[in-house]
1. Name the residues in the stretch 82-109 that are of a type outside the set (S, T, N, Q) and open to solvent by less than 20 Å² (accessible area, probe 1.4 Å), would you?
2. Hey, any hits in the stretch 157-164 for a residue that's open to solvent by less than 60 Å² (accessible area, probe 1.4 Å), in contact (Cβ under 8 Å) with a residue 12 or more places away in the chain and not polar (S, T, N, Q)?
3. Which one of the conditions (1) open to solvent by less than 40 Å² (accessible area, probe 1.4 Å); (2) out of contact with any helix residue (DSSP H, G or I) (no Cβ under 7 Å at 6 or more places or on another chain); (3) closer than 20 Å to Ala210 by Cα does Tyr174 fail to meet, given that it meets all the rest?
4. With respect to Ile57, is the statement that it is within 21 Å of Cys123 (Cα to Cα) and touching a Leu at 6+ places or on another chain (Cβ under 6 Å) true?
5. Six or more apart or on different chains, Cβ under 8 Å: which pairs go from a residue in the stretch 13-34 that's on the phi < 0 side of the Ramachandran plot to one that's in a loop (DSSP other than H, G, I, E, B) and at pLDDT 85 or above? Could you list them?
6. Considering only the stretch 25-33, I want to know if a residue exists there that is surrounded by 11 or more Cβ atoms within 10 Å (Cβ to Cβ) and assigned to a strand (DSSP E or B).
7. Looking at Val202, Val228, which is the one that is modelled with pLDDT of 90 or more, among the β-branched types (Val, Ile, Thr), open to solvent by less than 80 Å² (accessible area, probe 1.4 Å) and within 20 Å of Glu119 (Cβ to Cβ)?
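The values are calculated or read from the model by the stated rules, or taken from the named source; none is laboratory data. None of these values were measured; they are calculated from a predicted model. Reconstructed Cβ throughout: ideal geometry from the backbone, glycine too, with neighbour counts over all protein chains shown. Only protein heavy atoms, including side chains, enter the accessible area calculation; ligands, DNA and RNA are left aside. Shrake-Rupley method; radii C 1.70, N 1.55, O 1.52, S 1.80 Å.
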Amino acid sequence: PLFGDVTTVQSVTVATQAATAISERQINILVQRKLPLRISGSTFSGTLTGTNDAAEIISFICKDPTLGNRSNAEMDFDNIYNTLDEIEAYFGISQVREFNYTFDNESTSFEEMLQAVAEAIFCTPYRQGSVIKLFFERATQDSALLFNHRNKVPNTESRTTYFGGDYDGIEYKYINPTDDSSASILVPANGSGQKPQIVESVGIRTQQQAFIHARRLYHKQKHRRVAVEFDATEEAEILINNQRILVADNTRP
């Protein structure tokens, strides 16, 4: 029977003792999505092609009428595809632009899907006006904005040196493409961390991509010194999450 726009799978399980002991049947299948690929601008091919490229996936999620339902005018395609090219050039491997995950929960929102794909490729999705763009988080010598007494609300700043958790390492979990099992990367590699922060990745299926994520998280953990919170003036609205900023210490006279 046909059930419309739904993927159906029929499977036969031998009634062994182990199989009959499972009350709720589950099945995992390795698949690859087929999407219309971008030709140029906002033009996409009429045929569907298997791809793991995050730029193609983000474009499809945004344009699909049942997911993002965004028009071409609400998408900065040049920014999205150029950002992915920059990420690949920055790390020097093509695997960093891949996303390998199936959203199988109908309650997952468009924003959650977009955030998951962007995080896998080291990005932050944001809207400038009504246009969706990507921001690639990487090392930079310049800060986007300076916060001092001129653009902070007086007596709203607080600082602390305690971040909670007291982690001393990272245990980054991803899917091993060799046997589809759950694998982990430990940082430090010798396993010397007594209390590693356990991170469950989404969409990461290559060791290279997982390694970069694990190292970046470890360096953030290692070099954090002070947490600061304050109310800012409207000038702060120009910022994007994860952009570098400078903050003067106005808690001292």
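1. Taking the stretch 82-109 and keeping what is of a type outside the set (S, T, N, Q), we get 84-93, 96-99, 101, 103-104, 106.
Correct list: Leu84, Ile87, Val96, Phe99.
2. Within the stretch 157-164 (the criterion being open to solvent by less than 60 Å² (accessible area, probe 1.4 Å), in contact (Cβ under 8 Å) with a residue 12 or more places away in the chain and not polar (S, T, N, Q)), the answer is yes, since at least one residue qualifies.
3. (2) is the only condition that Tyr174 fails.
4. Values: within 21 Å of Cys123 (Cα to Cα): yes; touching a Leu at 6+ places or on another chain (Cβ under 6 Å): no.
Against the criterion (within 21 Å of Cys123 (Cα to Cα) and touching a Leu at 6+ places or on another chain (Cβ under 6 Å)), Ile57 does not qualify.
5. Final answer for the pair search is Asn28/Asp180; Leu30/Asp180; Val31/Thr102; Gln32/Thr51; Gln32/Asn52; Arg33/Thr51; Arg33/Asn52; Lys34/Thr51.
6. Of all residues in the stretch 25-33, those surrounded by 11 or more Cβ atoms within 10 Å (Cβ to Cβ) come to 33.
Subset that is assigned to a strand (DSSP E or B): none.
Within the stretch 25-33, not a single residue is surrounded by 11 or more Cβ atoms within 10 Å (Cβ to Cβ) and assigned to a strand (DSSP E or B).
7. On the way: Val228 fails: within 20 Å of Glu119 (Cβ to Cβ).
Every option except Val202 fails the conditions.
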